[in-house]
Amino acid sequence: MEFEYSPRCQELRKKLLKFMDDHIYPNEHAHHAEIEANRAKGNPWVPLKVIEDLKVKAREQGLWNLFLPRSERAPNGGLSNLDYAPLCEIMGRVYWAPEVFNCSAPDTGNMETIERYGTEAHKREWLDPLLRGEIRSCFAMTEPEVASSDATNIQSSIVRDGDHYVINGHKWWSSGAPDPRCQIFIFMGKTDPSAARHSQQSMVLIPRNTPGVKVVRPLTVFGYDDAPHGHAETVFENVRVPATNILLGEGRGFEIAQGRLGPGRIHHCMRSIGAAERALEYMCQRALSRVAFGKKVSEQTVTQERIAEARIMIDSCRLLVMKAAYMMDTVGNKVARTEIAMIKVLAPNMAGKIIDWAMQVHGAAGVSGDFPLASMWAHQRTLRFADGPDEVHRNAIGKLELAKHMQVPGSADKVEIPITRGA
């Protein structure tokens, strides 16, 4: 593979870095202040003016919908995973930055899903306004009553009734559901519990205002509610939608999930690398500005060792992620399943460790709200569940490795990465 960024990637990377310097970093305090002001008024679930204003600038500069691969709706035909990965890393340096470029989860995965598996009518009604940034979306898969790390456990039902489907289910960690701009859910449930294990599930589009859709409460992650985006517990009671809202067809839910979560995992991993880079910057700056026991913290051997180890970890992880992106582009997600699983384990663990070291260098300030490190750590710790817990991916990697040494030809081809969302 080529280790040099393509000319197009280099051009966009240069523009994106400048945008971050000119508009994102200078507005970090304004972003925090606006959220706290809304919270003081009693409603943090309000779209933020600072982000909406920056979206206009991003669109004007052509930094919009960069995630969308090879689509007639994508700017200039779309970017490959290899070209998008370095851009995604830059956005990941500030947790709210991806939304400015219309490149934030779960919308990116939902838009790719509708683009890839939806009908033209679905695309006109839901994809186009999502791509314009006029609405937001939710992905509803994880359930509180079952271990959703095994998606075949899902109990929610999607039952055909004439020209409609009737949906019933109890979900949580429904990303984006509390956001007032959320207008469409992608819902995963079972259409045929008696079918083969991986053919029971389907995905259906549910408009937010459909009777029977209820957002029970927003959920917190280590005390953070992630307003105004958030994650929610949701209930679907006898929700009726047209049968045409089914994606791809009954029993195709696992197939869709595999297509959706592959790119989503690599996006998460690149953002994790961006967060780790930012944490390393904070660690170095703090170490150079503080004196303890008669010398700068940066002169302490333990600090130097951690800084060195952080640089090694970040660069090693980036190379593996870029390899995974290259393989996804050239040989497809199925062949790249080992690499995708490896980076999904490696990246959030790597970032979490480096953020932890940065917090330690900051002392008590590191766990305060005056610095973004505590929030960054909480997000990375959460990613060890999102899109599949570490244990599931490690098991799959182990099976694939063992299969290489089995005597049965082609045995490695029979191992699949399970489709998972969380605990």
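None of the figures in this text is laboratory data; all of them are computed from the coordinates on show. Quick caveat: nothing in here was measured; it's all calculated off a predicted structure.
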Taking every C-alpha to C-alpha distance in the range 307-416 and binning by 5 Å from 0, the per-bin percentages run 2, 12, 17, 18, 18, 12, 9, 6, 4, 2, 1, 0
Averaging 1/r across every pair of distinct alpha carbons in the chain and inverting yields a Kirkwood hydrodynamic radius, in angstrom, of 22.4 Å
Rounded to the nearest 500, the 222 nm mean residue ellipticity computed for the chain from DSSP H runs (n ≥ 4, each -39500 (n - 2.57)) alone is -14500 deg cm²/dmol
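Return a single number: how many Lys pairs in the range 7-118, at a sequence separation of 8 or more or on separate chains, have alpha-carbon atoms below 16 angstrom apart.
Step by step, the pairs that qualify in the range 7-118 add up to 7.
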Taking N as the residue count of the range 1-53, its alpha carbon Rg divided by 2.2 N^0.38 Å gives 1.68
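State, to one decimal in nm², a quarter of the convex hull surface area for the C-alpha atoms of the range 200-352, i.e. the direction-averaged projected area.
13.1 nm²
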Sorted largest first, the C-alpha extents of the range 45-139 along its principal axes in whole angstrom are 34, 33, 25
As straight-line cross-link partners of Lys404, the qualifying aspartates and glutamates (C-alpha separation under 18 Å, not fewer than 8 residues apart within one chain) are Glu339, Asp413, Glu416
Rounded to the nearest 10 degrees, the helix 107-117 long axis (Cα) sits at an angle to the longest Cα principal axis of the chain of 40 degrees
The answer for the per residue Cα convex hull volume of the range 132-197, in Å³, is 121 Å³
In whole percents, the bins of 5 Å from zero upward hold the Cα-Cα pairs of the range 137-247 as 2, 13, 23, 24, 18, 11, 5, 2, 0
Cross-link reach from Lys353 to lysines, straight Cα distance under 20 Å and at least 8 residues apart if same chain, gives Lys344
